[in-house]
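> Can you read through this structure? Questions will come right after.
The values are calculated or read from the model by the stated rules, or taken from the named source; none is laboratory data. Remember, it's a predicted structure, so these values are computed and weren't measured experimentally. Every residue, glycine as well, gets a Cβ built from its backbone with ideal geometry; the counts of neighbours run over all protein chains shown.
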Amino acid sequence: MILVVGGAGYVGLVLVEELLQREYRVRVLDPLWFGNRLSCIANGDQVDLVIGDTRTCGPGVLDDITAVIVLGGFSSDPMSDANPSAHYETNVLGTKRMAEMCKAHGVSRFVFASSASVYDLGMGEAQDVLRDESSAIYPVASYSSSKYEAERILRTMGDDMFCPVILRKGTIYGFSHRMRYDLVVNTFIKNALTTGTMGLHSGGEVWRPLIDVHDVARAYIAAIEADADDVCNEIFNISGDNLRISELALRMQTVLPQRVSIVPDYSPRPMRSYRMSTEKARRVLGFESEMTVERSVMNILDKIHRYGYIDFDNPVYYNMRWMNEGGCGG
């Protein structure tokens, strides 16, 4: 049985569905901050749901578990800055606590959701280089710093009986039944449908490694299925294309169902910009992304209309707004 921490979240729902399709048994540990949409992807008896998080769960959550995938936690700088203590307790201490319980319980495979944002050094030619897993890391933002600290803790714990695997994921987009409209591709779709525009902060000059959520789910499964000798204590960059945001908007414009204007904005604001290599994941995990931006956009458009996720002002689609309105615990 696979334990998915954060399995009721944006990525978690897609991953759980992929695992079930591959006939894995699944347990989900989730505080249900954003509600419970597991019924959208599974029958009631297909998923064993435990309500809670890594800070509070008991070791019994690991009974019959063979691998753990940790997705749950505070997922952005604004969320992290709004509640620093809960952020650190969840993203760092909660991850360490779960890893320690796994070692004590004999659960060897531990896959951790890190972030490509650890590579961010800001904009400018000096920073515009392709990062790989051996690149120097100097994260300064609260979210990326917490991910990097958790990485370092996990890598001190790996041994013959415990196999941590770290995935640094690019910026995720795509359809999920726990839909988010605070991620760049999804935000562009929401804005295109509601205002007929896509606004480009910093003129769209920033770089982002981008990946569809279904490809991310495939990467997690590759990490739990890989031979331990190949992946123990290893870090893998997981992404598809490295695109400037301006190029992303132009590619999306070709498949959106109505005329959409691209509006550059050069107002000063802090922006992330980074590119990364995914050669190691291709070589070791045999992983390459399959979904293009254009295909994903068309899938999002189809699914959000089919399932009615077009009430774009609903705060549940925006992590920070939902937290501010009392939807998230801390």
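> Just one of (1) closer than 29 Å to residue 202 by Cβ; (2) modelled with pLDDT of 95 or more; (3) surrounded by 13 or more Cβ atoms within 10 Å (Cβ to Cβ) trips up residue 275, so point out which.
Residue 275 satisfies all of (1) closer than 29 Å to residue 202 by Cβ; (2) modelled with pLDDT of 95 or more; (3) surrounded by 13 or more Cβ atoms within 10 Å (Cβ to Cβ) except (2).
> Moving on. Does residue 235 count as closer than 20 Å to residue 175 by Cα, out of contact with any helix residue (DSSP H, G or I) (no Cβ under 6 Å at 6 or more places or on another chain) and of a type in the set (A, V, I, L, M)?
No, not satisfied.
> Does residue 203 count as in a helix (DSSP H, G or I) and over 16 Å from residue 238 (Cβ atoms)? Working first, answer last.
Values: in a helix (DSSP H, G or I): yes; over 16 Å from residue 238 (Cβ atoms): yes.
Yes; evaluated as a whole, the condition is true for this residue.
> What residue, among those in region 153-191 that are charged (D, E, K, R) and within 18 Å of the chain's Cα centre (by Cα), is surrounded by the most Cβ atoms within 10 Å (Cβ to Cβ)?
Checked region 153-191; the qualifying residue surrounded by the most Cβ atoms within 10 Å (Cβ to Cβ) is 168.
> Filtering region 250-270 down to residues that are in a loop (DSSP other than H, G, I, E, B) and of a type in the set (S, T, N, Q), which residue is nearest to the chain's Cα centre (by Cα)?
Ranking the candidates gives 254 first.
> Could I ask something else about it? Exactly one of (1) of a type outside the set (Phe, Trp, Tyr); (2) under 21 Å from the mean Cα position of the chain (by Cα); (3) assigned to a helix (DSSP H, G or I) is unmet by residue 273. Its number?
(3)
> Same structure, new question: Any residue in region 252-266 that's within 13 Å of residue 195 (Cα to Cα) and in contact (Cβ under 8 Å) with a residue 12 or more places away in the chain: show its pairings with residues that are surrounded by 11 or more Cβ atoms within 10 Å (Cβ to Cβ) and among the β-branched types (Val, Ile, Thr) at Cβ separation under 6 Å, as long as the two are six or more apart or on different chains.
Going by the 6 Å Cβ cut-off, the qualifying pairs are 261/197; 263/197.
> Would you check which residues across region 270-289 are more than 20 Å from residue 248 (Cα to Cα) and either touching a residue at least 60 places away in the same chain (Cβ under 8 Å) or in contact with a Ser or Thr (Cβ under 7 Å, 6 or more places away or on another chain) (or both) and list them? It would help to see each step written out before you state the result.
Taking region 270-289 first, the residues more than 20 Å from residue 248 (Cα to Cα) are 279-287.
Selection gives 279, 280, 281, 285, 286, 287.
> Right, something else. All but one of (1) surrounded by 20 or more Cβ atoms within 10 Å (Cβ to Cβ); (2) touching a Gly at 6+ places or on another chain (Cβ under 9 Å) hold for residue 206; which doesn't?
(2)
> Quick one: which of 27, 22 is among the basic types (Lys, Arg), modelled with pLDDT of 95 or more and closer than 24 Å to residue 319 by Cα?
Of the residues listed, the single one that is among the basic types (Lys, Arg), modelled with pLDDT of 95 or more and closer than 24 Å to residue 319 by Cα is 27.
> Within region 88-101, is even one residue in contact with a Cys (Cβ under 7 Å, 6 or more places away or on another chain) and at pLDDT 95 or above?
No, because not a single residue in region 88-101 is in contact with a Cys (Cβ under 7 Å, 6 or more places away or on another chain) and at pLDDT 95 or above.
> Of (1) surrounded by fewer than 18 Cβ atoms within 10 Å (Cβ to Cβ); (2) at pLDDT below 95, residue 134 satisfies all except one. Which?
The number of the failed condition is (2).
> Answer with yes or no whether residue 120 is at pLDDT below 95 and crowded, with 20+ Cβ neighbours inside 10 Å.
Yes: the conditions hold for residue 120.
A quick yes/no check of all residues on (1) modelled with pLDDT of 95 or more; (2) touching a strand residue (DSSP E or B) at 6+ places or on another chain (Cβ under 6 Å); (3) not in a loop (DSSP other than H, G, I, E, B):
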{"position": "180", "(1), (2), (3)": "yes, no, no"}
{"position": "189", "(1), (2), (3)": "yes, no, yes"}
{"position": "194", "(1), (2), (3)": "yes, no, yes"}
{"position": "198", "(1), (2), (3)": "yes, yes, yes"}
{"position": "218", "(1), (2), (3)": "yes, no, yes"}
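Residue-wise test of (1) modelled with pLDDT under 90; (2) of a type outside the set (Asp, Glu).
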| site | (1), (2) |
| --- | --- |
| 113 | no, yes |
| 116 | no, yes |
| 129 | yes, yes |
| 149 | no, no |
| 163 | no, yes |
| 167 | no, yes |
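> Sort through 222, 217 and tell me the only one that's touching a Gly at 6+ places or on another chain (Cβ under 7 Å) and crowded, with 18+ Cβ neighbours inside 10 Å. Steps first, answer last, please.
Details: 217 fails: touching a Gly at 6+ places or on another chain (Cβ under 7 Å).
Residue meeting the stated conditions: 222.
> Here is a follow-up. What tally of residues in region 124-178 results from selecting those that are of a type in the set (Gly, Ala, Ser), over 20 Å from residue 221 (Cα atoms) and part of a loop (DSSP other than H, G, I, E, B)?
Number of matching residues: 5.
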